[in-house]
Every structure is written in structure tokens, then in C-alpha cells.
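Report on the structure given below.
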Amino acid sequence: MPAPDSCAPDGSGDKVDPGQWTPTQNPNPTIVPGQMRSDCEELPEGFTKADADKAETMEAGLAARQRPGARAAAACQVYWPAPYQVCGAIRDKYNELGGPNSFLLWPTSDELTNPDGAGKRTTFQNGPIYWSAGGGAHPVVNHFFAAWQRNGWESGVLGYPTSDEIVNPDGVGRRQLFTGGTIYWRLNEAYFVAGAIRDKWGETGWEGGYLGYPTSDEKLAPDGVGRFNTFEHGSIYWTPANGAHPVSGGILTKWALTNFEAGPYGYPISDQRQRGQAFDQDFQFGTIGWPTTAVQEQDIDWQEDYIDDTNCPGCGDDNRVAVTGPGYTNAPQPRAAPTTENAQPATGELFDELPPCADLPPAENADPSQPQYGWCRPEQPQRRAPFAAPNSLLDKPYCNSLPRRQWAGDRSYQCMWRDGEIGIVDRRQPEVVLGTVAVVQENQIQTAWNSTTWKARTALHVTGTTGIGNEAQYAMSVYCTGSGSCNHNFSNSEAPRPVTETLYRRDYTLSSPVGVGAVSQSTGFAEFTFTHPVATPLTTAAAAAPSVRCDQLPGFRNSAGCVVPGAEPILDMSTRNVPAHAGHIAYAQASGLPGAPNGTPLQRTTNQTTAQNNRNISCNRVPGPRPAGQQCDEYPFASTYQGGGANGPARTYQGTCQLGMPLWVDVRPHPVAPYNNAGISMCMMPAKQNSRGGGILSWFYTKNRVHDGDSFYVKG
């Protein structure tokens, strides 16, 4: 920017009467008569020369009225180059903040009268200053202005500001007081808290208490009666009859799952109170506790998770084997097609990948006069002693009745066996088998729901040898592959052992650690290498195990663990000491609803919005209070994609199930005939059974690590 005296065309540097130009920041400029300040100074962004010249003229006018003998001037000020007057208390506050050098920058309006005819405001580039007789003059900017605007400015519930922004004790957040409430901000949107809710929040310690900062403005509840604010760690609800009460933690979670105040519990009528290691809170129509409720019959419909793995260690187990037998798992083993037209097809034996001995071709470029020994598969087994089940090293008795090569079991245990016979021939006379080795190989894996390391066992039984086969040796190797890291503790450097050692067993572990929120798929497999003094080594095809899925997802008791996802688990509720709960499931399935073993499975949903919607169109629609000692149970479970009934009919059953059910629920006789494969089933039952059933289901999901979309069955 040029120096002031350089503006003069002749360089004279004549001074101008200060009455002609009284700029705020430079009261004694040097300028050529007739020139304006805008000719000499660079204008801030957003202002034109016309704006600046007008502001200069306004400044001169104000200065003239302030000369001795002139009529008293109004308490106003112009801030060049903005052509506006800032007056009175608003001017004083603006100057106190630093005028144009403050965060507000330059004015963008004269003083304006607010719609109420009493208050005043002046706008600036970065926000306004508002004045009222009761509150004084205060700027309202940024997030605070957005929240105030959202709630009707001064004509809304908040009224006029009564303070500037105030830094909160945490040194991060800020607040601003208004006649009707307070707006709070902390690194997000700003929200207001007012009245009895604000007073109750103060009792909890304001933003430094267990509720934290507000995350909503005060809202009207859907019934048009109550009001509430949400906070970082809870909510405060108010009604005219019951006052304001905070709801937080597990109690809030459970209350939310019953559809808040619109559900069977109504509004809170007390604050939380401690009961040993638990907490209780009274609502209009019952008491909710966390993690357990002292009065079980008043617990909530979503089935309280008070079962744990200590007082019921088998409650979450997979009962597939007991209910329907072991489930086959898709873990295909290597198979080979016949090599000649007359050869027998592969039988599922251990050495299927080998060609039949009669088809073993001569070695390439070999001296036809010299022996050429090779491994092959005898078409007429020489020494296949039957494998005796009592000698099995597999843990589960059903394993030996499985078809060879077929993995089967449940989510935590899988087993498989296979057998075969290998022969040694001289390729010059492949029809003459010089020796054989017959073996049985056994494999099993055992996963853990709370560990990413799983156990494995491989055994080899040499069931017989012939000829030079008894000179062979064997050694095992273990491998692990997957989508993430996968490793094992088995040493692949073991020395070979002679086939005269007819039993080989090794227990080892495989692991696939995963990070928080991650999922991985891993597959382990074992191979045996057979060696012989006169034949090249032979490595069997891998005994590939089923895929193991490991994860560290939320919702599984903060654990990382593994399962075999190919086995769909079965929850047998009929053996869990909840006869009413199990009976309702049986009725519901008999009426046509899915989930029964050998039928259409259920799929879990972990989406809480979906689950709550399912509850809201089933048991949460049944008004409270419940019949004494009863809860409403719903099927399919709200935690499944089939929950809520896909808009199908609602049903219940004659007897205690129909207690308290509204007219829109169809009462069915029992035994139940097939009715409809869509819809929902509801039943009033003893509260303790319903709660126990919910805890069992929660542990079933956990111990079988049932992910979103995973299929499972339940037996009633």
C-alpha cells in the first residue's frame, strides 16, 4: 500500500483538515485535497470504493457533530470502510471485543430493531450482537447462533442472550446463557438445555458428570406430554406429573428396547438407585434393573441377559449333534479321476490321487534294463485290515460312523477319517505289486469361542504291510493358510519313522490372531510323506480341514474367538429348564413359522434398529402393565431378520399365552395346525422363564459367534 503523501500528484503532501477526514485508525493522514482515503489505502475483501467513500463521509459527519458548540451527537461510531453506524451498548460491546480487529470483523448493518419492538441488533461479518434491556449486549456466533436460530431466535424458547460465550471447566467446551436456557457446545453441534431438565442435569454434575454434554435440544416426546434431552451417556425425561429423571447405561438400553415411554413401562418416575452391584429405576408401570432386576416379573420383554457362563456353563452350547446328529461341513478333499477307460473310479480313499498300479507308465528317459520303482494305488488291495473303532483317537464317538473323507460335527468340533493303501511296483512290470502299506488317517479340530488358537489332532494308523512295503518310512507336516495371519506350533522337521511303528499321534495348535473389528478365514491341513529306499518320496494330498472363522467383533463379551461357520448351530431350548418359553417356540413353529431343525433357518441380525423395529411391531405394541408376574415373549426372535413377522399375521394361543393380548392378535387353538409361514407369535409367560430364555439366547450367539446374517435353528 502506498504511503499517504504519495497520493498527491505533485508530491506536495498538503495536509487535509481533520474535519474533512477523521479515519478511526489514522487521525492525521497526509492527503491531497479532493482525494478520498480509498484512493490511498487497500480495501478489505468484501468492500467497494463506494462503500469506503460513504463510510468516510459518515465519519466526517459524526466528527462535525462532535466539535465544540455542535449539537450533541448520538453515541454511534462508523468503522471505515463499512458504511454503517454502530451505536450505544452494541457499540460498547463491539469496541470491548476489539472492533474490526475482533472475531466479528466489520459491521454489515446499522442498528436494527427486532420483531418484538424492544430489542436491538447489529450484524457483523462473522455474526450479530444482540441487545435487550434485561440481558445487555452480547454476540451470538457460529454453532451457538445455529442452535439459537434453530429454536426461533429471541422469540423462541431461549429468548435473548444474557452472556458472551463462556469456557467450560474442561477447557474444551463452551456455553452461552439466554433468558430461557443455556446452549452448550463441545466439538460438535451446539444444543440447548432448559428448565427442570437443566436443573436435573446440574444435579448430575453438568457436563462433568456421568451424562456428559447434551447431544440434542430439548424435544417434545411423541405423546405431546413429556419432554427430553439426550446426552453423551444418557437422557433426561420430564413430565408434568413426575418431574425430570435421568435414564442411562444398561437401564436406558433396556428401556429403549421396549420403545421408551411409548412401551409397557411408561415414563421414569425416579432416578436410578444402587442395589449391591446392580441398579434399579422405577417407571410408571414397573421397575427396570441392570444387570439384573430385583423383581423379575417386572422385567422387560426383550428378555434380560442375566444368565452367565458361570452359573450355566452349557446354556449357550450348540446342540446340533444331540438334536439332528453331526452336520456335514463342506471341506472337499482331493480326488482323482480314473486314468484309463478300465480303471475303477476314485473311491474316496487316502491315495485317490495316485494312478492305478497297472497304469503306472515307465519313467521318461530311463534305462529299460534297470529297475524303475514307483508308488501307485493297487486295484486289488493286498493288506487292508479292517479299522477297529475302539482304536480310534478321535474324541467323539460319532466320528468313526462318518463316511470316509467327510468332515462333520458342530461349530466347535469337527472330525474326519480316511484310509487307503499304497503300493510299490517296478514300472517295467507294473502289474506285479512288490509291496504295500495300508493306513488310516484321522483328523480333528476343536475351536474356542473366546480364543483365536484352536486345537488339532492328526493320527496315522499303519494297519498292515506286504512285501517290501515294511521298509517304508513316514513323516507328517502341517500347514495353515488364510485371509489373515495363520500359524501353527507343529515342527515340520520331525525325523521319519518306520512303518513298523504302527501308530502315530500328534496334538498341535493353529492360530489366527485378528485385530479389533476384524474377521479372518483360515484352513489348516496335514500331509504325510512316505519314503522308501528304492522309490522317490511320496507326499499324500492334504487332509484339508473345514474353514475356521476368527473374529474380534463387538457383541461377543469383548472376546476374540473362532468357530467353524459351515456348521449351522442348533439351540435346544427344550432342555434349558424354561418349559413355557420352549413351549411357545414349539407352538410358533408348528403354526408355520421358521427356525425348526431340518426346516427353514433363522438369520441373526445385529442391527439394533432392525431389532427394535421388530419389537415395536410385536410385544412392544401390547400395552402395559403386564398381567402379574408375566412378560410378553415374541417369536421369531427380535434379533433375527425374520423377527417382526414380515408384516404377516400376529398369533397367540389359548390359555395363559393370550392373557392381556389385544384384539388384533389372533388366538389359535393348540395343538397348532400349520397356519402361516410369515408373521409373529406372542405369548404371555412367567417373567423369569422369559428372562432366562433371553440370557440363554444371548450366550448361544456368543459361544457360537453367530454373526449378522448367520443361519441357526432353535428347537422348542
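General remarks:
- For ALA448, the residues 5 or more places off, or on other chains, whose built amide H falls under 5 Å of its own are CYS562.
- Inter-label distance, nm, simple model (7 Å from Cα along the C-beta direction), SER483/LEU62: 6.9
- Cα shape, the range 569-715, gyration tensor, a/c 1.5 rule: rounded
- Think of it as helices only: each DSSP H run of n ≥ 4 in the chain is worth -39500 (n - 2.57), and spread over all residues that comes to -4000 deg cm²/dmol at 222 nm.
- Most to least packed among 573-582, 560-569 [average Cβ atoms within 10 Å]: 560-569, 573-582
- Every Cα-Cα pair of the range 322-563 was included, and the share exceeding 26 Å stands at 44 percent.
- For the range 472-517 versus the range 548-625, the gap between their alpha-carbon centres in whole angstrom: 37
- Three-way shape call for the range 79-188 based on the alpha-carbon gyration tensor, with the a/c threshold at 1.5: oblate
- Axis of helix 88-97 versus longest Cα principal axis of the chain: the two differ by about 50°, to the nearest ten degrees.
- Dipole check for the range 569-715: with +1 at the C-beta of Lys and Arg, -1 at the C-beta of Asp and Glu, and the Cα centre as origin, the magnitude is about 260 Debye.
- Packing here is the average count of other Cβ atoms within 10 Å per residue, and on that basis the peptides 165-175, 684-694, highest first, run 684-694, 165-175.
- Each residue of the range 638-645 was assigned a 3J(HN,Hα) from its phi angle through the Karplus expression (A = 6.51, B = -1.76, C = 1.60, θ = phi - 60°), giving 4, 7, 10, 5, 8, x, x, x Hz with x at Gly and Pro.
- Lys, Arg +1 and Asp, Glu -1 on Cβ, resulting dipole of the chain about Cα centre, debye, nearest 20: 1760
- With neighbours defined as other Cβ atoms within 10 Å of a residue's Cβ, the residues LEU593, LEU187 order from fewest to most as LEU187, LEU593.
- As a ratio to 2.2 N^0.38 Å, the alpha-carbon radius of gyration for the chain is 1.54.
- Listed from fewest to most Cβ neighbours within 10 Å, the set LYS54, LYS49 follows the order LYS49, LYS54.
- Other residues whose C-beta falls under 12 angstrom from the C-beta of ASN391 contribute a net charge of 0, scoring Lys and Arg +1 and Asp and Glu -1.
- Cα→Cβ-extended label distance, 7 Å offset, between ASP367 and ASN450, nm: 6.8
- Which of LYS200, LYS455, LYS254 has the fewest Cβ neighbours within 10 Å, and the rest in rising order: LYS455, LYS200, LYS254
Here, each number is a calculation from the coordinates, and none is a lab measurement. Being a predicted model, the structure only gives us computed values, none of them experimental. Cβ sites come from the backbone with ideal geometry, for glycine too, and all protein chains shown count toward neighbours.
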